[in-house]
Amino acid sequence: MDLVEFERHVRNEPAARRYLLKRCFPGGDPICPRCACEKVYRLADQRLRCGGCRYTFHEFSRRFLNRGGLSCRDWLRLLKLFELELTANRMAPELRLSYNTVYKAMTTLRLSILAGALDAMQLMHVSSGLDLGLCERPAADDSHAALNRYPVFGIIEKNGWVFIDLLPQVQAETVLHFNLHFSLKLTRMGSIIYTDRYQRYDALMFCGDDGLPLNYVNIRGRSAYVDSLSGSFWSFARARLRRFNGVTPRRFPLYLKELEFRYNHRSDDLFPLLADRLCALVPEQTQS
Ligand SMILES: [Zn+2]
């Protein structure tokens, strides 16, 4: 989207709202976010009611953009700055919003990107053990599967497309063990550890912290296979990961899936794609 068009959509709140409504309801008329019924009528207080399941809602109910309390204009302006890869620190004064508000909104946007990934069902399934913060209220403890504190990802690049797979059967400790006992080469970039080629993957990767014995890791400098590839996903991602200040194990999946999205759409106009993700329905975290 060029700047002239962008300015047209953010010139006032009704224009911004129209743009986002179109992304929520490509067919024009609102449909029920619970049962997808098209028979929807408007109540006197402007809310909508589903003629099928009787659910009462408004246009943005159950959608990612409904989180965070941003106006439609603020969302569009934030999308633009996110497209341009500004950090939350730099965005906050531009948007005249608090750092916390911007940071939360960026997390929501990253979640919406993850939820639109090909493997979203796996990532958001409770068995993944990822703590993504998908539910706004934490679920009761007994409904949680074991937390996967240091999720390990496998990276494959083929024909210019990257796939970043969660490998729930591989533990970070196992990767360290392979390093010590089977001489799988490891490279470290801050808290991010990645391996040489492993099985069908170009690299295994995870983000650690003080809970792992990283000081014992046998680091052999920049010898990993992915570091030898120029113009690849990893050369694209490495520079960007350095800019995310202090990547934590918990947020690492969100950053990786964002980078996968950016890389695979590196020739596309990101703005409408980001808007579509933000306007999508929030999936319910599945238990089975
Ligand atoms: Zn319904």
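The values are calculated or read from the model by the stated rules, or taken from the named source; none is laboratory data. Quick caveat: nothing in here was measured; it's all calculated off a predicted structure. When we count neighbours, we look across all protein chains shown, and the Cβ atoms used for this are built from the backbone with ideal geometry, even at glycine. The area values use the complete protein model at the heavy-atom level, side chains included, leaving out ligands, DNA and RNA. Shrake-Rupley method; radii C 1.70, N 1.55, O 1.52, S 1.80 Å.
Working carefully through the options GLU13, GLU7, GLU38, find the one that is assigned by TED's automatic domain parsing to the domain that holds VAL102, within 11 Å of the ligand (Cβ to nearest atom) and open to solvent by 40 Å² or more (accessible area, probe 1.4 Å).
Values: GLU13 fails: within 11 Å of the ligand (Cβ to nearest atom); GLU7 fails: within 11 Å of the ligand (Cβ to nearest atom).
Sole residue among the options that is assigned by TED's automatic domain parsing to the domain that holds VAL102, within 11 Å of the ligand (Cβ to nearest atom) and open to solvent by 40 Å² or more (accessible area, probe 1.4 Å): GLU38.
Please find, within the range 41-52, the residue that is nearest to the ligand (Cβ to nearest atom) out of those that are open to solvent by 30 Å² or more (accessible area, probe 1.4 Å) and touching a Cys at 6+ places or on another chain (Cβ under 8 Å).
Ranking the qualifying residues of the range 41-52, first place goes to GLY52.
If you scan the range 11-24, which residues turn out to be touching a Cys at 6+ places or on another chain (Cβ under 9 Å) and either more than 18 Å from ARG47 (Cα to Cα) or assigned to a loop (DSSP other than H, G, I, E, B) (or both)?
GLU13, ALA15, ALA16, TYR19, ARG23
Here's the yes/no breakdown for (1) of a type outside the set (Asp, Glu); (2) in contact (Cβ under 8 Å) with a residue 60 or more places away in the chain; (3) surrounded by 17 or more Cβ atoms within 10 Å (Cβ to Cβ):
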{"residue": "ARG54", "(1), (2), (3)": "yes, no, no"}
{"residue": "ARG62", "(1), (2), (3)": "yes, yes, no"}
{"residue": "LEU70", "(1), (2), (3)": "yes, no, yes"}
{"residue": "LEU79", "(1), (2), (3)": "yes, yes, yes"}
{"residue": "ALA92", "(1), (2), (3)": "yes, no, yes"}
{"residue": "TYR99", "(1), (2), (3)": "yes, no, no"}
{"residue": "THR107", "(1), (2), (3)": "yes, yes, yes"}
{"residue": "ALA120", "(1), (2), (3)": "yes, yes, no"}
{"residue": "LEU130", "(1), (2), (3)": "yes, yes, yes"}
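On the basis of being under 18 Å from the mean Cα position of the chain (by Cα), in the same structural domain as ASN159 (by TED's automatic domain parsing) and more than 30 Å from HIS58 (Cβ to Cβ), does LEU241 make the cut?
The answer is yes for LEU241.
Report yes if ALA88 is modelled with pLDDT under 95 and either in the same structural domain as ASN12 (by TED's automatic domain parsing) or open to solvent by less than 10 Å² (accessible area, probe 1.4 Å) (or both), otherwise no. Lay out the reasoning, then the answer.
Working: modelled with pLDDT under 95: yes; either in the same structural domain as ASN12 (by TED's automatic domain parsing) or open to solvent by less than 10 Å² (accessible area, probe 1.4 Å) (or both): yes.
When the stated conditions are applied, ALA88 passes them.
Out of GLU83, GLU59, GLU94, which single residue is within 20 Å of LEU278 (Cβ to Cβ), more than 16 Å from the ligand (Cβ to nearest atom), modelled with pLDDT of 95 or more and over 22 Å from the mean Cα position of the chain (by Cα)?
GLU94
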